[in-house]
Amino acid sequence: MEEKAIRSDVLKINDIYNMDCLVGMQLLPNNSIDLLLTDPPFAIDFKAHRANYNRTQDRVLSGYNEINADDYLKFTRCWMKEAYRVLSESSSAFVFSGWNNLKDILIAADEVGFITVNHIIWKYQFGVVCKRRFVTSHYHCLFLCKDDKKRKFFNSARYTADERDKNGGSLRYQDLEDVWNIKREYWHGDKKTPTKLPADLILKILHYTSEENDVVLDPFMGSGQVAVLSKQNGRKYIGFEIVKEYCDFAKERLESGSYRISSNKPIAATQIDLF
Ligand SMILES: C[S@@+](CC[C@H](N)C(=O)[O-])C[C@H]1O[C@@H](n2cnc3c(N)ncnc32)[C@H](O)[C@@H]1O
């Protein structure tokens, strides 16, 4: 099969770049990406919330790049417009968002021309205690596409029609519901960025909406989860991350083939890592 190339003087497929994705995506040709899977920055004062996260900070790589809340819609429009351009007609896009800036993501997705296929809820455990409100324990994930007839979807990618749980329920049916109950990963004692998506969440998307050799783009890579899991599962990848330390960490993971990279720093007796 002919190698699908990202034709650019600057960028190569199966590589990641320490770049602003607003610049990087402009270097990608039209219709060159088969799947976009991303978790953009939040537009909350993440640093101010760190104390709430009750975790040992010395293995968390510093430098998380945040967007001002007033600029969030404009920023989202810009990157989504480029994402729409680079995606192929048979592609899908999965965009994660907390509830606080979901409205901007929905507005921008609509404005740039995306069709919404599903609005998925990722239910997770958090571990904080709230005295005057409910504990946030979900995240939104928009399943978008350019062409609802041409997009790929492999509905038997994970379970056959007759696989059952112990109560006789259909595993395939349950897996295809739009509320996904998936635990966060705690990388105790290992290097990490302040946020990361769990492997099970990314794998579910890869299995249902992509094939081997498809090109997967993550413009906001963080720890590189999307690239690492794409590579491990026979997909091609390309990604951007504006913080050099995170990009270096993702590169180290990709090059070493290690899912987790151990830190030499001492491990605290008690530690709750929330991402
Ligand atoms: C929510 S995190 C992504 C976490 C990632 N999904 C993971 O599993 O590790 C968002 C990332 O986007 C990065 N970022 C923010 N603005 C960016 C930009 N303009 N271009 C590229 N990366 C950016 C942040 O530094 C942060 O690492």
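A short reminder: the numbers here are calculations on the coordinates, not readings from a lab. The structure presented is a predicted model; accordingly, all values stated were derived computationally and were not measured. A quick note on method: Cβ atoms are made from the backbone with ideal geometry, for glycine too, and the neighbour counts reach across all protein chains shown.
Once you reduce the range 118-166 and the range 22-39 to the center of their Cα atoms, the two points are 23 Å from each other.
Classified by the C-alpha gyration tensor, the range 15-256 has a rounded form. Its axis ratio a/c, with a ≥ b ≥ c, is below 1.5.
Going from the residue with the fewest nearby Cβ atoms within 10 Å to the one with the most, 80, 25 rank 25, 80. Using bins of 10 Å that start at zero, the share of Cα-Cα pairs per bin across the range 179-260 amounts to 18, 53, 28, 2, in whole %.
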